[in-house]
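Undergrad: One structure is given below, represented as structure tokens, and several questions about it will come after.
Read-outs: derived from the displayed coordinates by stated rules, not from any lab. Model, not experiment: these values are computed from the prediction. As a convention, Cβ positions derive from the backbone with ideal geometry for all residues, glycine included, and neighbour counts pool all protein chains shown.
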Amino acid sequence: MAALSNLKQCPPFSNLSDLSHRHNHIPELERYPRISLKNDISTNAASHRYYGTQSFVAVDERVLKRITRTFFDGGFWEALAEARSVKSREQAPLVAQVGDWIDKFLGLAGGLKLRIFPHTQQLSGEVIAQFVETRDWMNSDVRYVAWHCHYFKLAVAGVDDVVRIYSKNVKQPIVLKSPTQTDITCMAWRPLCSGEIVIGCRQGLCFWNVDNSLHLGRANAPSQAFRHPSNLPITSMQWNKDGNLLATSSIGDRSIIVWQVDNRTLQSLNRLGPPGGLIKWSPENDWLFAGTVDRVFRVWNCNNKWTTERWVCGPGGHVQTACWSPCGRFLLFVSSTEPILYRLQFVQQSMLQASAEEKEVLPIADLNACSIDANQTLIGGPAQQLAWDPHGNYLVVTFKATNCIAVFRTFIQKFDLQISAAYFLSGETAAEHPSFVCFQPLNKDNDRSVLTIAWSSGRIQYCPFD
Amino acid sequence: MSTGSSSNACKLLLLGRCLRAVLLSAGIQFQLLLVFLLLVNFQLLSPLDWVSGTVGLICSWYTWFASIPLLAAVVVYGVSLCQQHLVERPYCPTRYRWILHYGPRKLFFLGAHLLVGFLTAWLYTGYLQTDYRHLSYKCYGEDCISGYHVYMLGMGLTAGCYYFVSVHKRQEVSIKFPIVEQTLGEKLRELLYATLARSLVRSILPTLSYTMVFWILGRLVCQRLCHILDVNMDERMDGFFGVVSNVKLLFYGWLLTAQILSNMHLMRSFYGILLCEDLPLVITKQKAAFASEQEITLVSCLGVFNVYVVQCLAANYFYKLAMRKDSKQRAEIFQLTEPGNRPANWRALCDQCLVILNSFTDDLVESMQKISVLKGAQNLPLPQTIDSTSTSIMAERLLLRQYNQLHGIRQIASPPRNVAMDQPADGIRHMPNWCERVSTQLEEALHRLVKRVPGILYLFSEPEGSKTNFLLVNSQPLVYVTQALAQICAASLNEDRYGVVQNDLPAIVKAINKLRGELDKLNSVMGNLRAPSSEFNVLRSAVRRSLYTICNAFCDYLGDLLPPGEELHQLQAFIQQE
């Protein structure tokens, strides 16, 4: 079993200060956009959010008129709040009293409903942050990073609910911003399309058509928006390889939803058990992995009538992160509590009739924390995110509590996978930690594995691998 | 196997599935009856009695005999559904043609709905209290008409009619392939739960509407029945409150409606589920002596244009096999014949797919010529040479002109006339004589007169874009065929050892690109048409993705595949991200 202690043998990338002297430096990297969201996002991100009503100045109205207007502007709950506001209480105490009674009654009814259906409670940001792959999702400047499968397009979602699309040789990014797109948890470019991106957020799914010729570099409204059937936030999603099916999950919903976006239809995959967490398609669409907020996770066999296999991970945790090997035969995952990297093998059905009983989960790497230098800098512990390079040669692991990134070398054989510790990467300062990592996909313009790291400082770094 | 015999063999196969659907539909009647009886006879304090009594009722001789008429009606309903699935779907340009062709079938189907609704109500009321059970009951020692029974029977008829109007009136039955293909048991379970839950909500509106109508007209109907049966009137249903305050009656009515709507939805879904099952197709027929003669090839099935379901199933089968990289049948496509070494499998498949693609594109182009906005756009003078840098400006101008034309905005300056077109070749201008002038005027007057007669235009004119609409609604096979063909072409780079695909690549790319161009044109006017946007989006997206798949796989060889020109530029721009 590989261990992080072996990382000491390899020099870290960041030891060499000059970029051009690094052995893995490529001139092509100079053309990658230099991104630092810190400059774009001010300290108070909420003040930059866009709300249409902020443009209008309030006028003096009578209480009932004000409540009615609020009802039509913001709905029932805002109207009730308006009725119970201090201003209304001064002007019409009776109306405020009635508002109090209604609020009390609804509070009782709501409490009763939550006792019977506890899973229907509103999902707070803290709860979402617990189950997404981004580290410190609530406060991180960068909440998600997604590369286009075929072109040089990098989407970066910020804490200000704005998605910025960077292209090669284009200085000004395209900005995707909408009031119906808050608390972004995931993003995905649609395969086999030039510019369709879907953004998972609190309101559901927002689809954007990103065109380089967008006027002023900013789009105001998504081309279409889908809501979760139970009005829940989308916490994980992924397109299949062909770009015709989109699988989504929400930590408040006990089923996985598979969308056929073009004709706006969906189908639920039930029998998940606890509410869904992470979603990952295998590269060839053969399997669909779905984690949950509990120990259970499932893998659906998409080629065999969508039969499912149920697995349980270590005690007290849930699957924190998972990734498929580029060949689709191996699935690596880690639990949120155990610092151990596990492997699940999916051999071809025709070669060996492998069922859930025959398969086994194997621990392949010990991720327990250890020091990597004389300063006792620690690396390891419970993992935050995994990313496997598209060539299948490197596996990158980030951690929940330590700030360095571990890089493992992987060697994929037909029925076996070998893994050994290789490098570690660290930020510019000791306090800087990786928020999100991903690899740039291979395409006709790019045949190199380029790791993209979004640091907690809002800086995006690119690390090419051999 | 010829197309005709394939069509017959497939129809026979599908007929067997329809029979299974009828059996399932018959079986579900007892399950629905069980649910109804469990709800109606609910006893909180003695649950064992409740369950055993209900099961006993279901197993009783009365139930078996009383349900015979309903089962017969279900069979009639099933036959009608089966016929609609397997019959040819011709295009009816006018409403009059549509009524002529589909009217009798729709009427028959409406009759089946009414029959099933009525007989369900009749069967279910037999298990309720005495005053619900029969058309007349004893009141004050005399025979009175039972208003409750009349209400329930009317409710059954209304529910059947409501389902027909809301689902089948204009729409043709069609199969929808599931997004996620599960086992039959799972599908049925999900369907049953979802249908029962949804119909409880869906039945509220028809129940309330029918109750209102019954409050207004129910008395008249009861009086008529009293007169016919020579019995007294039922005074329990008098007045608004007599109907509305009878909670039990409303509950029974609502439950009955929910059951009937569930029943019809389930029967329709059973057909959909069973017909969507894969056909046992082969790529090439076995030549061994013991091989079955009844083997149906994929190509012959794709060529069955007159049975839509068969073509859909074949296209779906082709799509699925093309998407599986380890599929033996996909490998079979690239194989050569033995003896002869000819790529017969691929050639036949490719030719059939191109026929489907090209005929659809031609039909679409023809239908689009009848759309006034597009027709106007096509008549607009285009510049002789289109500079690649000004293409977007030209497109913008074209769209602006289309918009102006659509909203009747005239140009301030009169458009430049094409002098060459106005002047005859011999230079002598033709002047119509008085006879021609009178004839033209008469013809125009007659046209205007006919248009003024109410209903004439509605019945005998072809609505704009109706052919396009028809083509898009029936474009499901094309969605699968295009994607499958593209996938096979892309896979040929690694799997086609003999290079059987490469000769046909230019034709495939051209066919898909032509269709993409037409769909892009149509996209600009989709807002003005009544065409279904979801089908259009599915088709357009599938065609674009298919073209992308091929062009991306062969991006280095595009110059070798296509001659230099506009099309090559278009495709290079398409994969280099517009």
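Undergrad: Over the range A:59-120, what is the relative contact order in percent, taking alpha-carbon pairs closer than 8 angstrom and at least six residues apart?
TA: With pairs under 8 Å counted, the relative contact order is 21 percent.
Undergrad: Considering all alpha-carbon pairs of the range A:59-120, what whole percent are spaced by more than 20 angstrom?
TA: 34 percent
Undergrad: About the Cα centre of the protein assembly as shown, what is the dipole size in debye to 20, counting +1 per Lys and Arg Cβ and -1 per Asp and Glu Cβ, all else neutral?
TA: Numbers: 97 positive and 85 negative charges, 322 e Å.
Taking the Cα centre of the protein assembly as shown as origin, the dipole is about 1540 debye.
Undergrad: Another question, if that's okay. What distance in nm separates the simple spin-label points at A:Thr68 and B:Val213, each placed 7 Å from Cα in the Cβ direction?
TA: Computed distance between label sites A:Thr68 and B:Val213 equals 3.7 nm.
Undergrad: By per-residue mean of other Cβ atoms within 10 Å, what is the highest-first order of A:427-439, A:196-208?
TA: Working: A:427-439: 18.9, A:196-208: 23.2.
By packing density, highest mean first, the sequence is A:196-208, A:427-439.
Undergrad: Here is a follow-up. Given a Förster radius of 41 Å and the C-beta distance between B:Gln129 and B:Leu184 as r, what FRET efficiency does 1/(1 + (r/R0)^6) yield to the nearest 0.05?
TA: Calculated value: 0.55.
Undergrad: Quick one: helix B:308-323 against the long Cα principal axis of chain B, what's the angle to the nearest 10°, folded into 0 to 90?
TA: 60 degrees
Undergrad: Could you work out the helix-only [θ] at 222 nm for the protein assembly as shown, with each DSSP H run of four or more residues adding -39,500 (n - 2.57) and the total divided by the number of residues, to the nearest 500 deg cm²/dmol?
TA: -14000 deg cm²/dmol
Undergrad: On to the next question. Report relative contact order for the range A:142-259 in percent, whole number only (criteria: Cα-Cα under 8 Å, sequence separation at least 6). Don't skip to the end; give the middle numbers.
TA: Details: 286 pairs, mean separation 21.9, N = 118.
Taking the mean separation of contacting Cα pairs over the length of the range A:142-259, I get 19 percent.
Undergrad: Could you calculate the FRET efficiency of B:Arg20 with B:Arg198 from 1/(1 + (r/R0)^6), where r is the beta carbon distance between them and R0 is 30 Å, rounded to 0.05? Show your work: numbers first, answer last.
TA: Values: r = 24 Å, r/R0 = 0.80.
For B:Arg20 and B:Arg198, the calculated efficiency is 0.80.
Undergrad: Now for a different question. Write out the chymotrypsin sites (Phe, Trp or Tyr not before Pro) in the range B:1-59 meeting two conditions: DSSP loop, and at most 12 other Cβ atoms within 10 Å of their Cβ.
TA: B:Phe42
Undergrad: Just to confirm the number: angle between the C-alpha axis of helix A:63-74 and the first principal axis of chain A, 0 to 90 degrees, nearest 10?
TA: 20 degrees
Undergrad: Under a point spin-label approximation (7 Å from Cα along Cα-to-Cβ), what is the A:Glu28-A:Val98 distance to one decimal in nm?
TA: For A:Glu28 paired with A:Val98, the spin-label model returns 6.9 nm.
Undergrad: Here's another thing I want to ask about it. Per-residue HN-Hα couplings for the range B:537-542, Karplus 6.51 cos²θ - 1.76 cosθ + 1.60 at θ = phi - 60°, whole Hz, x for Gly and Pro?
TA: 4, 4, 5, 4, 5, 5
Undergrad: Right, another one. Could you please rank A:Cys404, B:Cys161, placing first whichever residue has the fewest other Cβ atoms within 10 Å of its Cβ? Intermediate values should be presented prior to the final figure.
TA: Details: A:Cys404 26, B:Cys161 16.
Taking fewest neighbouring Cβ atoms as first place, the list is B:Cys161, A:Cys404.
Undergrad: Subtract the Cα-Cα distance of A:Asn220 and A:Phe415 from 0.36 nm times their separation in residues, and report this length gain in nm to one decimal.
TA: Working: separation 195, 0.36 × 195 = 70.20 nm, distance 4.95 nm.
Between A:Asn220 and A:Phe415, full extension yields 65.2 nm more.
Undergrad: State the Cα centre-to-centre distance between the range B:166-242 and the range B:138-161 in whole Å.
TA: 15 Å
Undergrad: Take the alpha carbon atoms of the range B:1-41, find their center, do the same for the range A:233-262, and report the distance between the two centers in whole angstrom.
TA: 32 Å
Undergrad: Can you list the residues, at least 5 places off or on another chain, whose amide H is less than 5 Å from the amide H of A:Asn285, using H built in the peptide plane?
TA: A:Lys241
Undergrad: Mean separation of Cα pairs under 8 Å and 6+ residues apart, divided by the residue count of chain A: what relative contact order is that in percent?
TA: Over chain A, the number comes to 14 percent.
Undergrad: I need the shape label for chain B. Rule: rounded when a/c is under 1.5, else prolate if a/b > b/c, else oblate, with a, b, c from the alpha carbon gyration tensor. Spell out each step's value before the answer.
TA: Values: a/c = 2.68, a/b = 1.50, b/c = 1.79.
Since a/c reaches 1.5 but b/c is at least a/b, the shape of chain B is classed as oblate.
Undergrad: Something else about it: Quick one: if you stick a label point 7 Å off each Cα along the C-beta vector at B:Asp278 and B:Glu464, how many nm between them?
TA: For the pair B:Asp278/B:Glu464, the computed spacing is 4.6 nm.
Undergrad: For the pairs A:Lys38/A:Lys241; A:Lys168/A:Lys444; A:Lys305/B:Lys176; A:Lys171/A:Lys400; B:Lys11/B:Lys285; B:Lys169/B:Lys467, note any where the Cα-Cα span goes beyond 22 Å. Don't skip to the answer; put the middle values down first.
TA: Working: A:Lys38/A:Lys241 34 Å; A:Lys168/A:Lys444 15 Å; A:Lys305/B:Lys176 17 Å; A:Lys171/A:Lys400 33 Å; B:Lys11/B:Lys285 19 Å; B:Lys169/B:Lys467 19 Å.
Distance filter (> 22 Å) returns A:Lys38/A:Lys241; A:Lys171/A:Lys400.
Undergrad: From the phi of every residue in the range B:78-84, what ³J(HN,Hα) in whole Hz does the Karplus formula 6.51 cos²θ - 1.76 cosθ + 1.60 yield, where θ is phi - 60° and glycine or proline is x?
TA: x, 4, 5, 5, 4, 4, 5
Undergrad: Also, quick follow-up: Can you grab the distance from the C-alpha centre of the range B:44-106 to the C-alpha centre of the range A:273-319, Å, no decimals?
TA: Spelled out, the Cα-based centre of one part sits 40 Å from the other.
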